[in-house]
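Engineer: Please see the structure below; I have some questions.
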Amino acid sequence: MRADSCLMPGVRLSGSTGLTVMVKNKAEVEPGTSAVEELVVDGFDHVEFYVGNALQASYYFQKGLGFDLVGYRGLETGDRNKVSYVMKQDHTFVVLSGAVSSRSDVAEHVHQHGDGVKTIAFRVKDARQAFDTAVARGAKSAGEPQVYQDEDGEFVSASIKTYGDTVHTFVERHNFKGVFAPGFTGIKKAAAKPVGLVSVDHVVGNVELGRMDYWANFYQSTFGFYVDRYFDKEDITTQYSALQSKVMKNKSGSVKMPINEPAEGLRRSQIQEYLDYYLAEGIQHVAITTRDIIATVAEMRQRGIEFLNVPRSYYDALIERNIQIDENLEELAQQGILIDSEDKGYLLQIFTKPIQDRPTFFFEVIQRKHGASGFGQGNFQALFEAIEREQAMRGNL
Ligand code: FE2
């Protein structure tokens, strides 16, 4: 596929939000050379999924993942096209939106992509200023600033496009006391039993072959983020497939967004499999932190959540290396949790299987110990071999 092509052969992207990856960014520069002032983002505000059945998805998030259902909007609140459920666990907010009309943009999105992430929202002090700055730097609007004022205070949001049909929404809520956002009503329901998920650690996007640098430059020149680390295809390769990745980060470290692109290998890269099924660039996984990964994963397994399997040989190799960790290695092995030691500290991580019909989006659960700041580079080999076993079972390797 040509490096400047954003579409899969024969794929039609329709609707007004379709061709965002064709956007020419005026500051298309080499990595590391853009030096714009950082557009200050406090952190991730929420993640919004567009799904085929938001009511049922909310049940999965409650019963399987331990989120509380805290807010709702839909027909009863005057929304004629879309229904949304707000899910909360500790500091993590997820919105699940479904269509109640074929005219809804949710219906078109789900038709095209299946269930997937539509919005990665950033919390900001001033959404109008963030939007104006981003657009002045070449970002395309996905929604002009909207200012809501009522007895709950003031709420401002505005959106710009990023890769595929995905958008970033700037959310300004420091003067707002209502339920999640204007238009939402609170839900009085017995609280779900949490599994110990705390906050969004990082959000990973998959882009087309040859587009990683373009989108890394977009985050540099629009947001003033920097390339925290770069993994080339020699770092991330297995017998069959390869990928490369750039980790974009803001100065405070509250936003970490790796961007993957497929690399040529003997067989189809896992990134290419995602692109083939999502039919666009998009969000591959969201990593959520926990303070006790063994307890969290044990509880999730108990509730029927499925994870990628790690072979016993992975743990035997760790025992041989005599790796020093606080946890009991056998307990980690029992849960299939991966370990990666760094210069400073180590991290524990695990990946769910895809959580919808298409082999696209999945969750990561992560615990950073003693200041670990990486992404599990030492686990890439084991992880990607595990993914390839699943890919092979789907007939896609
Ligand atoms: Fe990750």
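The values are calculated or read from the model by the stated rules, or taken from the named source; none is laboratory data. What you are looking at is a predicted structure, and each value in this text was computed from that prediction instead of being measured. Because the Cβ atoms are built from the backbone with ideal geometry, glycine has one as well, and the counts that use them run over all protein chains shown. Surface areas here come from the heavy atoms of the whole protein model, side chains and all, with no ligands, DNA or RNA. Shrake-Rupley method; radii C 1.70, N 1.55, O 1.52, S 1.80 Å.
Engineer: Given the criteria closer than 28 Å to Lys63 by Cβ and either outside the structural domain of Gln89 (by TED's automatic domain parsing) or of a type in the set (Ser, Thr, Tyr) (or both), does Ser199 qualify?
Structural biologist: For Ser199, the condition - closer than 28 Å to Lys63 by Cβ and either outside the structural domain of Gln89 (by TED's automatic domain parsing) or of a type in the set (Ser, Thr, Tyr) (or both) - is met.
Engineer: For Glu330, work out the one condition from (1) touching a residue at least 24 places away in the same chain (Cβ under 8 Å); (2) away from the ligand (no atom under 16 Å from the Cβ) it doesn't fulfil.
Structural biologist: Answer for Glu330: the failing condition is (1).
Engineer: Does at least one position in segment 185-195 carry a residue that is free of Cβ contacts under 8 Å to residues at least 40 places away in the same chain, in contact with an Asp or Glu (Cβ under 7 Å, 6 or more places away or on another chain), under 24 Å from Val83 (Cα atoms) and away from the ligand (no atom under 16 Å from the Cβ)?
Structural biologist: Within segment 185-195, not a single residue is free of Cβ contacts under 8 Å to residues at least 40 places away in the same chain, in contact with an Asp or Glu (Cβ under 7 Å, 6 or more places away or on another chain), under 24 Å from Val83 (Cα atoms) and away from the ligand (no atom under 16 Å from the Cβ).
Engineer: Give the residues of segment 353-395 that are surrounded by fewer than 17 Cβ atoms within 10 Å (Cβ to Cβ) and in contact with a Pro (Cβ under 7 Å, 6 or more places away or on another chain), sorted by residue number.
Structural biologist: Arg394
Engineer: Please list, ordered by first then second residue, the pairs with beta carbon atoms under 9 Å, 6 or more apart or interchain, first in segment 304-316 and more than 10 Å from Ala382 (Cα to Cα), second exposed (fewer than 11 other Cβ atoms within 10 Å of the Cβ).
Structural biologist: Matching pairs, first to second residue: Tyr315/Glu330.
Engineer: Could you look through segment 60-97, keep only residues that are closer than 17 Å to Gly116 by Cβ and of a type in the set (Ser, Thr, Tyr), and pick out the one that is most open to solvent (accessible area, probe 1.4 Å)?
Structural biologist: Among those that are closer than 17 Å to Gly116 by Cβ and of a type in the set (Ser, Thr, Tyr), it is Tyr60.
Engineer: Looking at Glu364, Glu390, Glu385, which one is within 12 Å of the ligand (Cβ to nearest atom) and of a type in the set (Asp, Glu)?
Structural biologist: None of the other options fit; the residue is Glu364.
Engineer: Filter segment 231-253 for residues that are among the hydroxyl-bearing types (Ser, Thr, Tyr) and buried (at least 17 other Cβ atoms within 10 Å of the Cβ); which is farthest from Ala216 (Cα to Cα)? First the steps, then the outcome.
Structural biologist: Applying the first criterion (among the hydroxyl-bearing types (Ser, Thr, Tyr)) to segment 231-253 yields 237-238, 240-241, 245, 252.
Then drop every residue that is not buried (at least 17 other Cβ atoms within 10 Å of the Cβ), which leaves 237-238, 240-241, 245.
On the way: Thr237: 21, Thr238: 24, Tyr240: 26, Ser241: 22, Ser245: 10 Å.
Applying the filter and picking the extreme gives Tyr240.
Engineer: How many of the residues making up segment 274-302 are away from the ligand (no atom under 16 Å from the Cβ) and open to solvent by less than 10 Å² (accessible area, probe 1.4 Å)?
Structural biologist: Total meeting the criteria: 5.
Engineer: Scan segment 211-221 and tell me whether some residue there is basic (Lys, Arg) and under 19 Å from the mean Cα position of the chain (by Cα).
Structural biologist: Checking segment 211-221: at least one residue is basic (Lys, Arg) and under 19 Å from the mean Cα position of the chain (by Cα).
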